[in-house]
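The values are calculated or read from the model by the stated rules, or taken from the named source; none is laboratory data. Just so it is clear, the structure is predicted and the values come from calculations on it, not from any experiment. Here the Cβ is made from the backbone with ideal geometry for all residues, glycine too, and neighbour counts use every protein chain on show. What goes into the accessible areas is simple: the full protein's heavy atoms, side chains included, and nothing from ligands, DNA or RNA. Shrake-Rupley method; radii C 1.70, N 1.55, O 1.52, S 1.80 Å.
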Amino acid sequence: MKRIRAERDPHAILRWCVLLLLSAVFVPPALRSQDTAGEESSRLRQKADDIRASAEKLFKLRKLPWVTDVFEGFELARQENRPVLLYMITGDPLGDC
Amino acid sequence: MFRENVLTQDEIIDRIGSTMVPVALDYQTIRDPASRESRFLRPLMKQRKQEQGLWILTPEGQVLGGFAGFGDMVGQTKKVIEDALEAFGPLEPRRAKAAPIQPYRGRGVSPDGSVCLAECIRTSDDALGFVNARSPVISSVTLSDRAFRAFAPRRAVVGAKWTLPEDVAKQLARTSSPMCYQHAPQPDWVTDVRIAAVVRRVDEGVARLSYEGRIASSHRVGRTTVSVQETELTGEGVYDLKTGTMQSVLLIGSGRLRWPEAPEKVVTFDALVEWDLEATESSSQAER
């Protein structure tokens, strides 16, 4: 088919070559840019998962039913007749570290 | 240190939760002798030579045990707990439910419009061993509605660029060091900061944003520089054009810390800053 077209139109091959060249120059960078952005996003998310997982153990203390009012804590202990565990550090004991 | 070493142990957490009423208190509260807490606790604390740390008391205030040391923290704490429980006597298992702590950490918008970015900074334990610190550390930074808008584009068109105001970018000071508690960087430690943003893509009413930047800080005590540190940040955000609101922010940092007194000990670390409008509570706590 192409040979027949080329015989009919001597510029057909040249036009195809120009088209191929243009697409080689302009299309891949656009596609590449999207691919790169996707890869970068995926890399960031993977790294985030990794860092977050390393801190998971620090949230274990939040499983406890902490009371942050010392008077309320002793009152509860009195009502339930059980000991108080008082955890006291400088700063927010349950928040940032 | 106690939290990182001891309150990360399932066995200890389960034992405390099923037997005692756990009370958490900022030690600063009782440094003021006039505070209610101080007037209540100080007389009880005379029973034992200890300040901060773990205390176990009867409801009437009799001290059953305590711990605030180093060494085998886990082993010693277990012993303190068991000895105290034995001294107290038999107990019915307790089944109280935990209330959410920092419910907006890394997720949603709080009722006052502020947003709490979740932060995590990690290095290897070995890297900080010689200063007796552990890794990772978790922190958070609460930004007002106005401050958080700095992460959003003014014009949501591809290629639009802007820079976060310095006072907002400085709020991310914690990402410049893996150190914790009193050694954790504060905004006024920041010596240099720049976080630039660009609209990378706009699809179906959603703008994809990229962030790049650097934050450097210095820990000084008097005239002495204790440490200098810096982090390169890169990240992304999602902005909803229809509602004009941010949907998520994610920043990853790669940093280095140096102690001028021990220049051979360079500590490398990773940092994470994240927030998601729609994240579930569980993912913002234990998993986020």
Exercise. Out of segment B:9-36, which residues are out of contact with any helix residue (DSSP H, G or I) (no Cβ under 7 Å at 6 or more places or on another chain) and among the polar types (S, T, N, Q)?
Worked result: B:SER18, B:GLN28
Exercise. What are the residues in segment B:27-62 that are part of a strand (DSSP E or B) and either at pLDDT 95 or above or loosely packed, with under 14 Cβ neighbours inside 10 Å (or both), if any?
Worked result: B:LEU54, B:TRP55, B:ILE56, B:LEU57
Exercise. Just a yes or no: is a residue in segment B:217-234 open to solvent by less than 10 Å² (accessible area, probe 1.4 Å) and under 23 Å from A:SER42 (Cα atoms)?
Worked result: yes
For this session: Take segment B:147-185 and flag every residue that is part of a helix (DSSP H, G or I) and either farther than 26 Å from B:ARG220 by Cβ or of a type in the set (Gly, Ala, Ser) (or both).
Result: B:ALA147, B:PHE148, B:ARG149, B:ALA150, B:PHE151, B:ALA169, B:ALA173, B:SER176
Exercise. Among the residues of segment B:186-204, is any open to solvent by less than 70 Å² (accessible area, probe 1.4 Å), part of a loop (DSSP other than H, G, I, E, B) and either at pLDDT below 95 or over 18 Å from B:VAL249 (Cα atoms) (or both)?
Worked result: no
Problem set entry | Answer residue from segment B:95-128, given it is of a type in the set (A, V, I, L, M, F, W, C) and either open to solvent by 50 Å² or more (accessible area, probe 1.4 Å) or assigned to a strand (DSSP E or B) (or both) and is farthest from A:LEU58 (Cα to Cα) among those | B:VAL109
Exercise. Failed condition for B:GLY235, given (1) within 11 Å of chain A (Cβ to nearest Cβ); (2) at pLDDT below 95; (3) part of a strand (DSSP E or B), with all others met?
Worked result: (2)
Seminar exercise, completed: A careful count of residues in segment A:46-69 that are of a type in the set (D, E, K, R) and more than 7 Å from chain B (Cβ to nearest Cβ) gives 3
Problem set entry | Subset of segment B:63-78 [open to solvent by 30 Å² or more (accessible area, probe 1.4 Å) and within 10 Å of chain A (Cβ to nearest Cβ)] | B:LEU64, B:ALA68
Exercise. Just checking, how many residues over segment B:1-13 are under 23 Å from the mean Cα position of the chain (by Cα) and part of a helix (DSSP H, G or I)?
Worked result: 7
Problem set entry | Any hit, segment B:79-86, residues being within 15 Å of A:PHE74 (Cβ to Cβ), open to solvent by less than 30 Å² (accessible area, probe 1.4 Å) and of a type outside the set (Gly, Ala, Ser) | no
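Can we say B:GLU264 is open to solvent by 20 Å² or more (accessible area, probe 1.4 Å), among the acidic types (Asp, Glu) and assigned to a strand (DSSP E or B)?
yes
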Exercise. Are any of the residues in segment B:18-26 facing chain A (nearest Cβ under 9 Å), more than 30 Å from B:PRO136 (Cβ to Cβ) and in contact with a strand residue (DSSP E or B) (Cβ under 6 Å, 6 or more places away or on another chain)?
Worked result: no
Problem set entry | Unique match (being under 30 Å from B:LEU143 (Cβ atoms) and touching a residue at least 12 places away in the same chain (Cβ under 8 Å)) among B:ILE16, B:ILE101, B:ILE56, B:ILE12 | B:ILE101
